[in-house]
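What follows is a single structure, written as structure tokens, with notes after it.
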Amino acid sequence: MTREWGFALRTCGSVLAGLSVLAACSSGGTERGPSPSPTRASPAPTGSGSSRPSASPAAPAGTAEDLVPDLDETKLPKTAAEARAAIGRIIVGQEVFGPDVVHSVPFESDPGRWPVLGEDCAWQTTGLPADVLATTTRYFHVPPKNGQGRLQLNVTVTVHHSREESGWETARAMEEVLRCPDQRLRANEQVKSLWGGVLYQGEQMNGWSEDAFNERGKYVGAEGGGPYLYIWNQAQFGPVTVAVAGKGAAGFTDKAIETVVIQGASRMMQHAEQEFGKAAG
């Protein structure tokens, strides 16, 4: 992403520290921790399912980038069909979040639509921009029970033509927070008091991605009221961005929401690096 936005806000080290811990766990082959980004206001779904604690100690010198493989240019998709196939291998299902999480209805976004944040700070959708080969958002939730509300989760994978294009996606995500700290997702949903930050690979324990963007604020929805925690984690590897959004609800702690968001983001980044990274050795 562009360095101009990268220096604007750098305040999300705690969440990224958690991602780094997950990345470390995945180095043995287990688990690792989109213009505008899809999304805080993901395209209207179609199909069959819906929709920064204290900083940790710095990583030892020379280890912050060890978990990010080199990009293998020969593996990169050249067509939309190839990109959609790769997304199918990168994106996660509800099993990654635990037994309480189920598909929403509808389950997946329209693959031909792209979210855009208007001048009025309201999200709308348009056709795919020229720099996007393919994108998919999936929608999950935890059904309300025992006094808890409906916790919502969105996961998104986007494949661009190049690393430069995916970097610009991250830059635009940062610009959107600076321009619109209060945003309307849909007619009955809002996020307020947003703030965000970017960490490049090697900064503040970001050893898990080339660029990591984190957005945080308060979610207010017609169904469950609020405000509750809203969190969006996005990461880049080569031409790919992966992202997870969590919309809080009654009865869920901020820590619980952060945990499931990090689980999804780290697993998809692991999949992306396996898909397009050079083999070790």
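General observations
- Hits among lysines - C-alpha to C-alpha of LYS218 under 21 Å, sequence gap 8 or more where chains match: LYS192, LYS247, LYS255
- Neighbour-count ranking [beta-carbon atoms within 10 angstrom, fewest first] of LEU151, LEU128: LEU128, LEU151
- Converting phi to 3J(HN,Hα) with the Karplus coefficients 6.51, -1.76 and 1.60 and the offset θ = phi - 60°, the stretch 240-257 yields 9, 10, 10, 8, 9, 10, x, 10, x, 8, 4, x, 10, 6, 4, 4, 5, 5 Hz in sequence order, with x at every glycine or proline.
- Cα-based reach from LYS75 at 28 Å (exclusive), listing lysines while leaving out same-chain residues under 8 positions away: LYS278
- All-pairs alpha carbon distance profile, the stretch 219-281, 5 Å steps from 0, percent: 4, 18, 22, 16, 14, 10, 8, 5, 2, 1, 0
- The slack in the chain from LYS192 to GLU223, taken as 0.36 nm per residue of separation less the alpha-carbon distance, amounts to 9.5 nm.
- As computed over the stretch 122-281, the Cα convex hull volume per residue (Å³): 124 Å³
- Most to least packed among 252-261, 69-78 [average Cβ atoms within 10 Å]: 252-261, 69-78
Each value in this text was obtained by applying a stated rule to the coordinates, not by laboratory testing. As the structure is a computational prediction, the values presented were derived from the model and not from experiment. As a convention, Cβ positions derive from the backbone with ideal geometry for all residues, glycine included, and neighbour counts pool all protein chains shown.
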